[in-house]
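Worksheet for the structure shown next.
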Amino acid sequence: MPKDHSRPRRVAEQIQRELAELIQLEVKDPRVGMVTLTDVEVTPDYSHAKIYFTLLSQGHPLDETLEGLNRAAGYLRSQLAHRMRLRIMPQLHFVFDSSVERGVQLSHLIEEAVALEGDKPSQEEK
C-alpha cells in the first residue's frame, strides 16, 4: 500500500517530530512526565491539530500530565512557529491515546487464554 504523502500528513509528521523534541527538552513542568507522541492529526485548513500521546511511566497521573501539556500548549505552539514555516500554526489539542494500553490488555488476555487451553486435556487424550 503506498504511503500517504499529502501535505497535511507531512505537516502532521513534522509537527510530531518537532513537538517530541520540544516536550523532551524545553517543557520544564513536572506534571509532564515521560510521554510518547503516537500520532498527530491536522485539519485541512491547519487551524487545529490533535496530538495523541501515551505515558511511559505507569505511575504518573494522566490528568496531571494532560493538564501540564494543555498549559504548555501556547508555549509549544509559539516554539513550533519558530521552527516551521506555516502561514497558520494550528491550535494544539492533546488527547490521551489508550490504544497502546488496550493492546497490552488484549495481549494479556490472549496469553491467559492460551495458558488455560494448554492446561486442558485434549480430545485425543481422553
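Computed values, structure above
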| quantity | calculated |
| --- | --- |
| Filter pass, His93 being within 20 Å of Ala12 (Cβ to Cβ) and surrounded by fewer than 10 Cβ atoms within 10 Å (Cβ to Cβ) | no |
| Meets criteria (more than 19 Å from Ile88 (Cα to Cα), without any contact (Cβ under 8 Å) to a residue 40 or more places away in the chain and under 16 Å from the mean Cα position of the chain (by Cα)) for Asp39 | no |
| Near pairs, Cβ below 9 angstrom, 6+ apart or cross-chain, from region 67-86 (without any contact (Cβ under 8 Å) to a residue 12 or more places away in the chain) to any residue that is among the aliphatic types (A, V, I, L, M) | Gly74/Leu92; Ser78/Met89; Ala81/Met89 |
| Conditions (1) loosely packed, with under 14 Cβ neighbours inside 10 Å; (2) at pLDDT 80 or above; (3) acidic (Asp, Glu): number failed by Glu125 | (2) |
| Those residues of region 79-113 which are in a helix (DSSP H, G or I), hydrophobic (A, V, I, L, M, F, W, C) and modelled with pLDDT of 85 or more, in sequence order | Leu80, Ala81, Ile110 |
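The values are calculated or read from the model by the stated rules, or taken from the named source; none is laboratory data. The shown structure was predicted, so the numbers you read here are calculated from the model rather than taken from an experiment. No Cβ is skipped: glycine too gets one built from the backbone with ideal geometry, and neighbour counts run over all protein chains shown.
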